[in-house]
1. Could you check how many residues of segment A:98-123 are surrounded by fewer than 14 Cβ atoms within 10 Å (Cβ to Cβ) and closer than 22 Å to residue A:180 by Cβ?
2. Looking only at segment B:68-124, count how many residues are in contact (Cβ under 8 Å) with a residue 24 or more places away in the chain and charged (D, E, K, R).
3. Scan segment A:107-119 and give yes if some residue there is within 12 Å of chain B (Cβ to nearest Cβ) and within 21 Å of residue A:187 (Cβ to Cβ), otherwise no.
4. I'm told residue A:131 meets every condition in (1) more than 14 Å from chain B (Cβ to nearest Cβ); (2) more than 20 Å from the chain's Cα centre (by Cα); (3) not in a helix (DSSP H, G or I) except one. Can you identify the failing condition by its number?
5. Among the residues of segment B:266-291, which ones are under 30 Å from the mean Cα position of the chain (by Cα), within 14 Å of another protein chain (Cβ to nearest Cβ) and touching a residue at least 60 places away in the same chain (Cβ under 8 Å)?
6. For segment A:35-81: of the residues being of a type in the set (Asp, Glu) and within 14 Å of chain B (Cβ to nearest Cβ), which is nearest to residue A:3 (Cα to Cα)?
7. Counting only residues that are within 21 Å of residue A:187 (Cα to Cα) and within 7 Å of chain B (Cβ to nearest Cβ), which one in segment A:82-93 is modelled with the highest pLDDT?
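The values are calculated or read from the model by the stated rules, or taken from the named source; none is laboratory data. Source: prediction; values computed, not measured. When we count neighbours, we look across all protein chains shown, and the Cβ atoms used for this are built from the backbone with ideal geometry, even at glycine.
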Amino acid sequence: MSSSISIQGVNRIYTDTDGKAVEALKGIDLDIRPGEFISLIGPSGCGKTTLLRLIAGLDKPQAGQLDIDGKKISGVDTDRGYVFQQGSLFPWLTIEKNIAYGLRARGVYKKDRQKVGEYIKMVGLDGFEGAYPHQISGGMAQRVAIARALINDPKALLLDEPMGALDSFTRSDLQDKLLELWQQNGTTMILVTHDIDEAIYLSDRIVIMTPRPGKISRIIDVDLPRPRQRGSGDFLSLRREILEFFELAQAIPQPEYTI
Amino acid sequence: MSTQTAVLPAARKKESAAVKDEKKTGRIDKRYILSLILTISGFIIAIGVNIFFPQKAEVVFKEYIITAFGLAFHLNINDAYIFVVAALALGFFISGLIAIKDKDSRRKYSRKAYFRFALGIALAVWDIGGTKLQLFAQPFFPGPAQVIEAYLADNEYIIQNTLYSLRLYAAGFSCGVLLGVGTGILIGWFPKVYYWVFPVLKITGVVPAVAWMPFALTLLPNSFTAAVFLIVICAWFQIAFLTAQGIQSVPKQSYEAARILGSGQADLILHVAIPHAMPDIFTGIGSANAMAFTTLVMSEMLGQPGGLGYYINQSKVWSAYYKVLAAIVIMAVLFSLINHIIGRIQKHTLRWQEGVVKK
């Protein structure tokens, strides 16, 4: 149910609108263990989403190689699920049909249709089966997107700032839901985020990336016991460490105690 | 004590159901009764005017023999008019009674009451101006009774022509929709097709379909196929244009999401691109439909052996303007009906948009 991903010497160069070459990723090496929850964090332009898209097979590197369970990634496959930032649900399908999409696409809907109900229940959307995406809230829509990705039993789930557009209460709700699903299914989780608290709260390891050129600057092991307390001393000192790394600690001398 | 506790919840349930029912049906107030009366009073006035207003102008009220259920009736055209107005009044009265059971339909019905009253009054004014006093220029604006005479005099012929129009429209428009959606998908999906076909479509699309009539009439085997061809091209270009636009506006992310979930090319077209383009496709169908009506009537007037346009042309030659009006009334009803059916299909297909798009 979970897979290891290895990334070796990956380069990805874009040409921007002025014709200039932009090094989105340079010399990326990373090994992701099976069943690990890993976060990619960094300011915009650091290439974290690009890296996620490479792992998904939505994009190809100019140099280097990405492997999943020792097999080269050459394109999209259903062994990797993907949750977009927002608005990726099909507006013309009901919640139920959105979640069932993967089963139909793989031609296993007849066999596995009972899974649709299970996943609706799993993400707590019973009673909304017949609703259309525009009729539900942003938090619910992201839960649908997660259920839709998980129904294909992916060995790795790639999450591209899935909670970026949500308010903080909905966000922490969804973070707990995500942890619950991860602990149930044991899927390898790769999360792109710009929220330091989110990364610490969820991850086994945090990969810190920096821009121009996009590269991995540091990898931090999060050894805090689960369930984690957002207000605990260890949590806050880790938060401070990351902030200091980004040289943001001076700008925000006191951690915010909003939750 | 135990019986009491058992009874209580049931009673409460019953009560709440009654409250719910009350909320849905609401109170039938006096105003609804008044709007019911208002609705039919216009038509009753129209009947009253027809019966009691003196016939000043000289008009011949012909009698027609109607056979139905093996019996033959003698029907005066003026009586036929009264029957029609009475039938309208009865129809609106019955629909008003049906609307009583539901609050929303009652409100809808009440809102239309003034207009329906005015419709009755308009009939009365038309009757006075066209038949009783003949204030309007004759024979261009005959009274309502004479328009009804057209249906009595030509009934089989009118039905025949209406069916001819309908057949022409159905053949042309359905082919046009199929071709339009098909080409639109190809243009929207394949960049090569877009490059070669889209500019052609853009230029030919602005030319009114009837401009091709000389070619259609000479090159196609008969006039029916010629008219079908004209309707096809007027629907085809418009629908293809909008379908292509709809397909091209699919966000890249939708395709990516579908591909990651296991969709292949065919799935992307059928289950992502086409559903996404549906609102645009219906916009195309709607505007093509209006153009198809125009093309239909024009081509019937200019070279068809039948159809309502042909009937209008033929009646005009004999200065039978009451027949022209009769054909126009049929067109209005028929085309509204077609629009209504298309609207229903659209509403059902795009039900996922409900609440998103402002109506």
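1. Step one: filter segment A:98-123 for residues surrounded by fewer than 14 Cβ atoms within 10 Å (Cβ to Cβ), giving A:107, A:110-111, A:113-114, A:118, A:121.
Narrowing the set further to residues that are closer than 22 Å to residue A:180 by Cβ leaves A:114, A:118, A:121.
Adding up the residues that qualify gives 3.
2. Adding up the residues that qualify gives 6.
3. Yes - at least one qualifying residue is present in segment A:107-119.
4. Unmet condition: (1).
5. B:273, B:274, B:277, B:278, B:279, B:281, B:282
6. Our first condition is that a residue be of a type in the set (Asp, Glu); within segment A:35-81, this holds for A:36, A:59, A:67, A:69, A:77, A:79.
Narrowing further to those that are within 14 Å of chain B (Cβ to nearest Cβ): A:59, A:77, A:79.
Details: A:59: 20, A:77: 13, A:79: 9 Å.
Looking at residues that are of a type in the set (Asp, Glu) and within 14 Å of chain B (Cβ to nearest Cβ), I get A:79.
7. Of all residues in segment A:82-93, those within 21 Å of residue A:187 (Cα to Cα) come to A:82-85.
Imposing the further condition that a residue be within 7 Å of chain B (Cβ to nearest Cβ) reduces the set to A:82, A:84.
On the way: A:82: 95, A:84: 92.
Step by step, filter segment A:82-93, then rank; the result is A:82.
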